[in-house]
Amino acid sequence: MGVIYRRLAVSGAFGAAGIGLGAWGACLPLIKRGLTLSDGELGAALLCFALGALAVMPVIGRLAARVGGGLLCLVSSCGFALALMVAAQTPSLSLLAACIFVMGVCFGALDVAMNLLAAAVERGAKAPIMASFHAAYSIGVLSGAVISGALFGVGFGAKGTLLVAGSLIIGIFALATPVMLRIALAEEGGGSGRPRRQLLRDPMVLALGGLAFLAFFVEGAMADWSAIYVVQQVGLDSGGGALAFSLFAAAMAAGRMGGGRIERALGPVATLGLSAILAMTGLCAAAAFPLGFVVMPAFALVGFGIANIIPVVFSAAGRRGGDRATRIFPIVVGIGYVGVMIGPPVIGAVAEHFTLRGSLLALALALAVVVVSRRQVA
């Protein structure tokens, strides 16, 4: 089986996962309004996504090594799709939080499994192609947001939209799984038996995990709150919110499609620094001028800037982790998911006590730390 087929299958998996989160982000304003939730209540509910993901992180690497990344992707993707569809049907905040927790469990397992498969394909290709997989994810996010906007336009609500998205996820994974089942993950070798608590004290693991934390903090907050920001602060309708999220996702996809070439030309350190600076600029512009003609391109700049931070970090983890990848990846991703966990409630709390404009400045501050710490991916 050639590298090209493995690359296509794993790219399809990333794209399908993105469709789910893209549709979810676009539907959040409708779900929030339907349940009459405050910013703080929604932020607390979104916290459950990261809690669910973190719950499976300690075991997911070993499980992937035992059952294979392809099978784990299939099972977790079906669980994620079903939870996504049910979340739109919930009549209360508590049931919504429970569905989001299940979504987090399934997506956490899926995320680790997909990235382990991507690292295996990258090693086989002997080229920096991790960004291309994350580009497929961003294209999926964009597609999910665009599809949602189109469905809103013909009268669909959150229920129908997420039903369509969940069906697409299951269908795409059904096609990709036969190829993914044949991708072998890295075999653990020397040093792989170090206990998890020792790996948690490894400076390299902590540094890469910290960068993943900051990147996920910003990316997750933008995914969950960008449409809401446009609706509440700029004053546009849900279609305008979906458009803003689509521009963010489209720019992220564009940035990741060329991410490999950018990294080869500039190197990982410069790529990371430049990416963070561009995203900071967009966030500051959107916070300073909450006007549609400013916020739309500003969110696109954020998407383009943040596009290659996670791919560069994950590529560094796969490159430097070597035969310990199945143990290191879940730790790096798990620390990153703490950022996802903290991001939505932090944004909700800042919005509750100040404004959503102030929350964008908190995201810019996180990216400033990435700039300072950029040499950790060398």
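The values are calculated or read from the model by the stated rules, or taken from the named source; none is laboratory data. Every value quoted in this text rests on a predicted model; they were computed, and no experiment measured them. Neighbour counts are summed over all protein chains in view; Cβ atoms, including those assigned to glycine, are modelled from backbone coordinates with ideal geometry. Accessible surface areas use protein heavy atoms only, side chains included; no ligands, DNA or RNA. Shrake-Rupley method; radii C 1.70, N 1.55, O 1.52, S 1.80 Å.
What to note about this one:
- Filter pass, Ala131 being at negative phi and buried (at least 19 other Cβ atoms within 10 Å of the Cβ): yes
- The stretch 145-169 residues that are more than 11 Å from Cys27 (Cα to Cα) and open to solvent by 70 Å² or more (accessible area, probe 1.4 Å), paired with ones that are at pLDDT 90 or above and of a type outside the set (Lys, Arg) (beta carbon under 7 Å, 6 or more apart): Leu163/Met85
- Leading residue by the ranking (least open to solvent (accessible area, probe 1.4 Å)) among those in the stretch 253-301 that are closer than 24 Å to Ala207 by Cβ and in contact with a Phe, Trp or Tyr (Cβ under 7 Å, 6 or more places away or on another chain): Gly255
- Sole exception among (1) open to solvent by 40 Å² or more (accessible area, probe 1.4 Å); (2) within 24 Å of Gly348 (Cα to Cα); (3) not small (Gly, Ala, Ser) for Leu37, by number: (1)
- Inter-residue pairs, beta-carbon under 7 Å, first more than 14 Å from Ala16 (Cα to Cα) and open to solvent by 10 Å² or more (accessible area, probe 1.4 Å) and in the stretch 61-76, second among the small types (Gly, Ala, Ser) and assigned to a helix (DSSP H, G or I), 6+ apart: Leu72/Ala64; Leu72/Ala109; Leu72/Ala113
- Ala97 being part of a helix (DSSP H, G or I) and under 16 Å from the mean Cα position of the chain (by Cα): no
- Spans of helices (runs of 4 or more DSSP H) in the stretch 112-203 with at least 3 residues farther than 27 Å from Arg327 by Cα and at pLDDT 85 or above: 130-153, 158-180
- Scanning the stretch 229-245 for residues that are of a type in the set (A, V, I, L, M) and under 18 Å from the mean Cα position of the chain (by Cα) returns Ala242, Ala244.
- In the stretch 108-128, the residues that are under 12 Å from the mean Cα position of the chain (by Cα) and open to solvent by 10 Å² or more (accessible area, probe 1.4 Å): Asp111
- Restricting the stretch 217-239 to residues that are part of a helix (DSSP H, G or I) and farther than 22 Å from Ile139 by Cβ leaves a set whose member that is modelled with the lowest pLDDT is Ser238.
- Residue in the stretch 40-60 that is in contact (Cβ under 8 Å) with a residue 24 or more places away in the chain and of a type in the set (D, E, K, R) present: yes
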